[in-house]
Amino acid sequence: MKIKIALNTKSRELSDSLEKVNGKARSATASAMDILNATEICEKRLAEFGISKSSRIGAEMTYTSGGSVAKSYKYKRIANVIKAVRGGSYWYVTSITKVELWPNQDGGSRVGLNAEQEKIALAGVRAKFYNI
């Protein structure tokens, strides 16, 4: 699976894929807009790491849908884990899976960096402090 994520994407391919995976579950599952928002957050994180747009190719995103719930909530929720990879200009969804989350688990997005991107990010962090 390789679905392009962009603001101007008019196809229903992503929404159809989500519906196919989720079945009737809706409350904690991802929508196409949730995935678009997650990619924007990851783009901001990559910029904060000091990684230029041309160097972002190959970065990975893992997004888990479903926010936090009260501890008194005792049931599992159906959510999604979406994996995407950064291409030249867009993110591309590579997998959508359905998972069960317990009340102490919540969603969010994480960025994966390749070795070169990691070097750039660490150099940026090291530039902000000095050793004593």
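The values are calculated or read from the model by the stated rules, or taken from the named source; none is laboratory data. If you're wondering where the values come from, they're calculated on a predicted model, not measured in any experiment. Quick reminder, even Gly has a Cβ in these numbers, built from the backbone with ideal geometry, and neighbours come from all protein chains shown. The accessibility values were calculated without ligands, DNA or RNA, using every heavy atom of the protein model including side chains. Shrake-Rupley method; radii C 1.70, N 1.55, O 1.52, S 1.80 Å.
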Amide hydrogen neighbours beyond the local backbone of TRP91, cut-off 5 Å, H modeled: ILE5
Karplus 3J(HN,Hα) series, Hz, for the stretch 93-109 with 6.51 cos²θ - 1.76 cosθ + 1.60 (x for Gly, Pro): 5, 10, 7, 10, 10, 9, 10, 10, 10, 8, x, 7, 10, 9, x, x, 10
Karplus-derived 3J(HN,Hα), 6.51/-1.76/1.60, for each residue of the stretch 17-32, Hz, glycine and proline x: 5, 5, 4, 5, 6, 7, x, 8, 5, 9, 5, 10, 7, 7, 10, 4
GluC sites (Glu not before Pro) restricted to the stretch 63-132 and DSSP loop, no more than 13 other C-beta within 10 Å: none
Two-site FRET efficiency, THR62 against TYR130, from Cβ-Cβ distance with R₀ of 35 Å, rounded to 0.05: 0.55
Whether the chain is rounded, prolate or oblate, judged on the alpha carbon gyration tensor where a/c under 1.5 counts as rounded: oblate
Peptides 87-94, 33-40, 20-27 ordered by average Cβ neighbours within 10 Å, highest first: 33-40, 87-94, 20-27
Estimated FRET transfer efficiency when R0 is 35 angstrom, pair TYR73-GLU116 (beta carbons, to 0.05): 0.25
Dimensionless Rg ratio for the stretch 59-102, taking C-alpha atoms and the 2.2 N^0.38 Å reference: 1.46
5 Å binning of all Cα-Cα separations within the stretch 14-86, expressed as whole percents from 0 upward: 3, 14, 23, 19, 15, 13, 8, 4, 1, 0
Ellipticity estimate at 222 nm from DSSP helix runs (n ≥ 4, -39,500 (n - 2.57)) divided over the chain, nearest 500: -9500 deg cm²/dmol
HN-Hα J in Hz across the stretch 45-59 - Karplus 6.51, -1.76, 1.60, θ = phi - 60°, x for Gly and Pro: 5, 4, 5, 5, 6, x, 8, 5, 4, 6, 8, 7, 4, x, 5
Where the chain is the region considered: accessible area per residue in Å², 1.4 Å probe: 65
